[in-house]
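Let me begin by presenting the structure, written as structure tokens, before commenting on it.
A short reminder: the numbers here are calculations on the coordinates, not readings from a lab. Nothing here was measured: the structure is a model prediction, and the numbers come from that model. Here the Cβ positions follow ideal geometry from the backbone for every residue, glycine too, while neighbour counts run over all protein chains shown.
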Amino acid sequence: MSVPREKIMEALASARESSPERGFEQSVDLTVNLRDLDMRQPDNRVNLRVSVPNGVGGQKVLVFASGDLALRARRAGADSVVEPAELNELASDRKAAKRRLKDYDIFVAEAPLMPTVGRVAGPILGPRGKMPTPVPPQAPIDTILERERRVVILRSRERPFVKCLVGKESMSDEDLASNIDAVLSNLVGALKRGANNIGSIYVKLTMGSAVKLL
């Protein structure tokens, strides 16, 4: 599906105008309403990871790792690292685990730790569609973190729409438009009838009004 770039640019400009300046940096969100899909059928649901060309800004990454990988993750700029000792502590305190994980957007886990990570973090992150990406102990964690910070997740469950972050208001409209293009192209490719399963598309800033793109 190809939405004309001029139309995306116009929608972004309108979205900015509809949101007065705030005391924090707002996110730019994209919502796509789906049609002609029975969302009760699991194979009609969307669960998609899309790598956007310009990142989305400010994604905070937490890595579950031990030893050398934990050290390299810190050096690579991970926002936080949970090592096995802390992971075991969180296993016995669900509330503490929820507090520890709530401020992060992206999760990566050393593969051998995944059974414990799944048990501790799965009930918290699974419903958010943010289960950790497993990586081997010798993985090039700097490359992986760079890649993961560019990923947005589209997940519909039983609802006939998907919503995702496509950037921050400090980003240029050109960069935001390129990200929107990437999300829509991947979504269309994942739907049974492609663009025919898309009913409408909206873009908005966090505190602004939704602007119709399609």
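See the values below:
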{"quantity": "Sites excluded, trypsin sites (Lys or Arg not before Pro) in DSSP loops with at most 14 other C-beta within 10 Å, longest stretch of the chain", "calculated": "103-156"}
{"quantity": "Theoretical ellipticity at 222 nm over the chain - DSSP helices of four or more residues, -39500 (n - 2.57) apiece, nearest 500", "calculated": "-10500 deg cm²/dmol"}
{"quantity": "Modelled FRET efficiency - R0 41 Å, Asp68 with Thr206, Cβ distances, 0.05 increments", "calculated": "0.60"}
{"quantity": "Inverse of mean 1/r across different Cα pairs in segment 61-148, Kirkwood, Å", "calculated": "12.7 Å"}
{"quantity": "Relative contact order [Cα under 8 Å, 6+ residues apart], segment 61-148, whole percent", "calculated": "36 percent"}
{"quantity": "Where labels lie 7 Å past Cα in the beta-carbon direction, separation of Ser2 and Arg128 in nm", "calculated": "3.8 nm"}
{"quantity": "Segment 6-56: GluC sites (Glu not before Pro) in DSSP coil with no more than 16 other Cβ atoms inside 10 Å", "calculated": "Glu21, Glu25"}
{"quantity": "FRET E, pair Asn186, Asn88, Förster distance 22 Å, beta-carbon r, rounded to 0.05", "calculated": "0.05"}
{"quantity": "Residues of type lysines that Lys204 reaches as a straight line, Cα spacing below 22 Å, ignoring anything fewer than 8 places off in the same chain", "calculated": "Lys7, Lys60, Lys163, Lys168, Lys212"}
{"quantity": "Met39-Ala96 pseudo-label distance in nm [points 7 Å out on the Cα-to-Cβ vector]", "calculated": "3.8 nm"}
{"quantity": "Rounded to the nearest 20 debye, dipole of the chain from Cβ charges on Lys, Arg, Asp, Glu", "calculated": "740 debye"}
{"quantity": "Computed FRET value (nearest 0.05) for Asp103 with Arg193, which takes r as the C-beta separation and R₀ as 25 Å", "calculated": "0.05"}
{"quantity": "Fully extended contour minus Cα-Cα distance, from Ser170 to Glu21, at 0.36 nm per residue", "calculated": "52.5 nm"}
{"quantity": "Candidate aspartates and glutamates - alpha carbon under 15 Å from Lys102, same-chain residues fewer than 8 apart omitted", "calculated": "Asp79, Asp93"}
{"quantity": "Long-range amide H partners of Val28 with built H, under 5 Å", "calculated": "Val166, Gly167, Lys168, Glu169"}
{"quantity": "Whole-Å semi-axes of the ellipsoid equivalent to the chain (Cα gyration tensor, √5λ, descending)", "calculated": "33, 20, 16"}
{"quantity": "Of all DSSP beta bridges in the chain, antiparallel share, percent nearest 5", "calculated": "70 percent"}
{"quantity": "Computed label-point distance, nm, for sites Arg119 and Arg147 using a 7 Å Cα→Cβ extension", "calculated": "2.9 nm"}
{"quantity": "Within-15-Å neighbourhood charge of Pro112 [Cβ basis; K, R +1; D, E -1]", "calculated": "-2"}
